[in-house]
Amino acid sequence: MSHCGAAMKAINFLGATNIIGESQGYQPLPIIVHKGEDFVTITSIWEPSIEEIKLLTMGHKVQLTILGLQQPPVRVEVTKVPERGIAMPINNKVQ
């Protein structure tokens, strides 16, 4: 439940490999699937509205809601969406 009347919007981004949820009646969710040796991650990019940015600068927090009865491991962070390639978290160090 959003405190400013609308939920943050998922955005399409360069490198997205799939769009999920739409066939189940949900907001389309562009994702990229990362396959490591021992794990798989799914990343989506969300863009706050101007109103949400104002609320965040006033000290409001980000709420994550999961549908279902179990909380999967998640990671929430600030990211820059590049013009090319995949989104990288701002605090990642590229070597």
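The values are calculated or read from the model by the stated rules, or taken from the named source; none is laboratory data. For clarity, every value in this text was computed on a predicted model and none was experimentally measured. Neighbour counts are summed over all protein chains in view; Cβ atoms, including those assigned to glycine, are modelled from backbone coordinates with ideal geometry.
Any idea how many residues of segment 18-34 are surrounded by 10 or more Cβ atoms within 10 Å (Cβ to Cβ) and either charged (D, E, K, R) or at positive phi (or both)?
Adding up the residues that qualify gives 2.
Could you check how many residues of segment 18-56 are more than 14 Å from the chain's Cα centre (by Cα) and aromatic (Phe, Trp, Tyr)?
Residues flagged as more than 14 Å from the chain's Cα centre (by Cα) and aromatic (Phe, Trp, Tyr) within segment 18-56 amount to 2.
Do you know which of the residues in segment 35-61 that are of a type in the set (A, V, I, L, M, F, W, C) and touching a residue at least 24 places away in the same chain (Cβ under 8 Å) is surrounded by the fewest Cβ atoms within 10 Å (Cβ to Cβ)?
46
Residues in segment 68-85: is at least one over 16 Å from the mean Cα position of the chain (by Cα), loosely packed, with under 10 Cβ neighbours inside 10 Å and at pLDDT 90 or above?
yes
Looking at (1) on the phi > 0 side of the Ramachandran plot; (2) surrounded by 12 or more Cβ atoms within 10 Å (Cβ to Cβ), which is the only condition residue 8 fails?
Result: residue 8 fails condition (1) only.
What pairs come up if the first residue lies in segment 11-22 and is part of a helix (DSSP H, G or I), the second is among the aliphatic types (A, V, I, L, M) and at pLDDT 90 or above, and their beta carbons are under 8 Å apart, counting only those six or more places apart or on different chains?
Between residues of segment 11-22 that are part of a helix (DSSP H, G or I) and residues that are among the aliphatic types (A, V, I, L, M) and at pLDDT 90 or above, the close pairs are 22/29.
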